[in-house]
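The values are calculated or read from the model by the stated rules, or taken from the named source; none is laboratory data. Just so it is clear, the structure is predicted and the values come from calculations on it, not from any experiment. Here the Cβ positions follow ideal geometry from the backbone for every residue, glycine too, while neighbour counts run over all protein chains shown. In case anyone asks, the SASA skips ligands and DNA or RNA and just uses the protein heavy atoms, side chains included. Shrake-Rupley method; radii C 1.70, N 1.55, O 1.52, S 1.80 Å.
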Amino acid sequence: MTASPSADVPPPELNLTDALVQLSFIVQAVLGRLAGDEGLSVTQLRMLAVLDDREIGMRQLAGILELEKSSVTGLVDRAERRGLVQRVAVPGNRRAVHVTVTSAGRAVVHQVREAIDAELGQLAATLSDSRQDAFRRTIESLIHHYATEHAIPL
């Protein structure tokens, strides 16, 4: 018989780096499972989420995803074959192409986002409202700092 975790046993002390890495593992596991339920990779899901509110060029998409342009071309090709994204010509520039999410792609993003909100919301609900707010503000600050330092648009 296996012992179940006890509420009487305090969680192990983690330094900040270990805590952030462990939390990222939890988030990645949730994302991986939910993306897999849709037949997508986490990277494909990230691409759809990026495109959910914008139409951008391949180079900018590659920068946001921190991938080589050739890798993004493959991602877009696969998503386009599934009807999740489409390439759109840029008026006035015959060589330029933007990528935009289709209604089918947007539906996938919203469905997965709702599932992520529900699952991670349950985890966050273990914190008081004030601790959730402080945690959110801290994460926002870290994200803003990273995006600024690496010139990544949010």
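The residues on offer are 138, 126, and the sole one that is loosely packed, with under 15 Cβ neighbours inside 10 Å, assigned to a loop (DSSP other than H, G, I, E, B) and among the hydroxyl-bearing types (Ser, Thr, Tyr) is 126.
In segment 143-154, the residue that is modelled with the lowest pLDDT out of those that are more than 13 Å from the chain's Cα centre (by Cα) and surrounded by 11 or more Cβ atoms within 10 Å (Cβ to Cβ) is 152.
Rundown of residues vs (1) open to solvent by 80 Å² or more (accessible area, probe 1.4 Å); (2) in a helix (DSSP H, G or I); (3) under 25 Å from residue 150 (Cα atoms), yes/no style:
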{"residue": "29", "(1), (2), (3)": "no, yes, no"}
{"residue": "34", "(1), (2), (3)": "no, yes, no"}
{"residue": "53", "(1), (2), (3)": "yes, no, yes"}
{"residue": "60", "(1), (2), (3)": "yes, yes, yes"}
{"residue": "114", "(1), (2), (3)": "yes, yes, no"}
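Given the structure, is residue 92 loosely packed, with under 13 Cβ neighbours inside 10 Å and modelled with pLDDT of 95 or more? Here the answer is no, as residue 92 does not meet what is asked.
Output the residue which, of all residues in segment 75-89 that are in a strand (DSSP E or B) and touching a residue at least 24 places away in the same chain (Cβ under 8 Å), is surrounded by the most Cβ atoms within 10 Å (Cβ to Cβ).
Result: 85.
Checking each residue of segment 64-73 against the condition of being over 14 Å from the mean Cα position of the chain (by Cα), at pLDDT below 90 and either over 22 Å from residue 118 (Cβ atoms) or in a helix (DSSP H, G or I) (or both) gives no match. Quick check on my filter: what residues within segment 102-154 are in contact (Cβ under 8 Å) with a residue 12 or more places away in the chain and more than 29 Å from residue 76 (Cβ to Cβ)? Across segment 102-154, the qualifying residue is only 123.
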